[in-house]
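Take a look at the structure below.
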Amino acid sequence: MTQLDSDGFAALMESIPHAISVHDRERNLVFSNPACAALIGYDTDEFADLEHEKLFHPDDAELWGTMLARVLGPESTSATAHLRIRHREGHWIWVRVAASTFTAGTERLVALVLQDESDTIWGNPTAARQPIR
């Protein structure tokens, strides 16, 4: 099997069409791909400068906190739920957020993969009422 070096891995992450971001334990952005910024209407530099916690809908703050506690806890390293994120133009988009942790060197990082599910959920709001998985 061919191994990816760091340049190959970076190229892979940049090219994936799903929004991906990586954060440290203090919730600072470590990495994001262009699809992440595009999902919410920002360019990559603007996205890096955002206070990411404030992008989530206030009604979803408790769910978001529960997800983070779960992935950073000792029992589970992943969680998935539907959350609302504010688009740059001001409207809310529903995203399926898959959060997981991994270790790089000695640091534990949180990876987020976001998939826009607005069309599905706005047409069927009960679809977003699923518990964290």
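The values are calculated or read from the model by the stated rules, or taken from the named source; none is laboratory data. Values in this document were obtained by computation on a predicted structure and should not be read as measured data. Cβ sites come from the backbone with ideal geometry, for glycine too, and all protein chains shown count toward neighbours.
For R86, only one of the following conditions fails: (1) over 15 Å from S21 (Cβ atoms); (2) of a type in the set (K, R); (3) out of contact with any His (no Cβ under 8 Å at 6 or more places or on another chain). What is its number?
Only one criterion in (1) over 15 Å from S21 (Cβ atoms); (2) of a type in the set (K, R); (3) out of contact with any His (no Cβ under 8 Å at 6 or more places or on another chain) is unmet by R86, namely (3).
Quick check on the range 87-108: of everything there that is over 18 Å from P58 (Cβ atoms) and in contact with a strand residue (DSSP E or B) (Cβ under 7 Å, 6 or more places away or on another chain), which residue is surrounded by the fewest Cβ atoms within 10 Å (Cβ to Cβ)?
F102
Any idea which of H52, H57, H82 is surrounded by 11 or more Cβ atoms within 10 Å (Cβ to Cβ), at pLDDT 90 or above and out of contact with any helix residue (DSSP H, G or I) (no Cβ under 8 Å at 6 or more places or on another chain)?
Sole residue among the options that is surrounded by 11 or more Cβ atoms within 10 Å (Cβ to Cβ), at pLDDT 90 or above and out of contact with any helix residue (DSSP H, G or I) (no Cβ under 8 Å at 6 or more places or on another chain): H57.
Every residue in the range 66-98 that is over 13 Å from the mean Cα position of the chain (by Cα) and among the small types (G, A, S), please.
Correct list: A69, G73, S76, G90.
This table checks each residue for (1) under 19 Å from C36 (Cα atoms); (2) part of a strand (DSSP E or B); (3) of a type in the set (S, T, N, Q); (4) in contact with a Lys or Arg (Cβ under 6 Å, 6 or more places away or on another chain).
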| residue | (1), (2), (3), (4) |
| --- | --- |
| K54 | yes, no, no, no |
| G65 | no, no, no, no |
| A69 | no, no, no, no |
| P74 | no, no, no, no |
| R84 | yes, yes, no, no |
| I93 | yes, yes, no, no |
| A98 | yes, yes, no, no |
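Matching residues to (1) modelled with pLDDT of 85 or more; (2) assigned to a helix (DSSP H, G or I); (3) of a type in the set (A, V, I, L, M); (4) out of contact with any Ser or Thr (no Cβ under 8 Å at 6 or more places or on another chain):
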position	(1), (2), (3), (4)
M1	no, no, yes, yes
L4	no, no, yes, yes
A10	no, yes, yes, yes
M13	no, yes, yes, yes
I20	yes, no, yes, no
A37	yes, yes, yes, no
G41	yes, no, no, yes
E46	yes, yes, no, yes
